[in-house]
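Undergrad: I'd like to ask you about the structure that follows.
The values are calculated or read from the model by the stated rules, or taken from the named source; none is laboratory data. Note that the coordinates shown come from a computational prediction; the quantities given were computed from them, not determined experimentally. Note: ideal-geometry Cβ built from the backbone for every residue, glycine included; neighbour counts use all protein chains shown.
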Amino acid sequence: MSGWLLMALCAITGAYCLLRTRSDAGEGRRTARAEALMGFGMAAMAVPAAVVTPPAWAWAVYAVLFGAASLRALWFSRRSRHHLHHLVGSAAMVYMALTMAPGGAAHGGHTGHGVAATAGGVPLLTGLLLAYYTVYVLRSGARLIPVAAGGAAAAGGGGSAGGSWAARPELALACRLTMGMAMFAMLLTL
């Protein structure tokens, strides 16, 4: 049940990010596209293997897709620090795809969850990614807490002032928080 909930949460988050691409422009649109890709990719990877076992080639597709997303995030990180987070996220997705692939470090994909890999560096890398996402989730969650009535409007938490619900900065932050928690949960299963 938790796998289906994680999948649904990631898919809904990806769909909202896709909607944001229509209301944002420039850098905001690029960010929303990257976050939509991450949401849909996480949803696809979170499908419980007991119900739908992905074909062996799917993990290679995930690795190539998120490898390309990593290169894109690296390129755009020259302009925005937030793209460094996308770089870490895309690289984590490549790592998970390679680890979950049949014959990967987890030996058997989804069915190998909970089996500690003995390959050098895998537990360390997983631990570093878990630490990164712990800090990211805590920081994102703290940014959602209203400061004060005057501070909320200055922080983008004020009324929508005629803007659409897709352009609300607090919803975008909530989506980032959701994907950070989902990534943490997926990394825990390695």
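Undergrad: Test residue 13 against the criterion of being in contact (Cβ under 8 Å) with a residue 60 or more places away in the chain, part of a helix (DSSP H, G or I) and polar (S, T, N, Q), and give yes or no.
TA: So residue 13 passes the test.
Undergrad: Sticking with this one: Go through segment 22-66 and report how many residues are free of Cβ contacts under 8 Å to residues at least 40 places away in the same chain and surrounded by 15 or more Cβ atoms within 10 Å (Cβ to Cβ).
TA: Selection size over segment 22-66: 12.
Undergrad: Among the candidates 36, 49, 25, which residue alone is modelled with pLDDT under 90, closer than 21 Å to residue 8 by Cβ and either of a type in the set (Gly, Ala, Ser) or part of a helix (DSSP H, G or I) (or both)?
TA: Selected residue: 49, the only one of 36, 49, 25 that is modelled with pLDDT under 90, closer than 21 Å to residue 8 by Cβ and either of a type in the set (Gly, Ala, Ser) or part of a helix (DSSP H, G or I) (or both).
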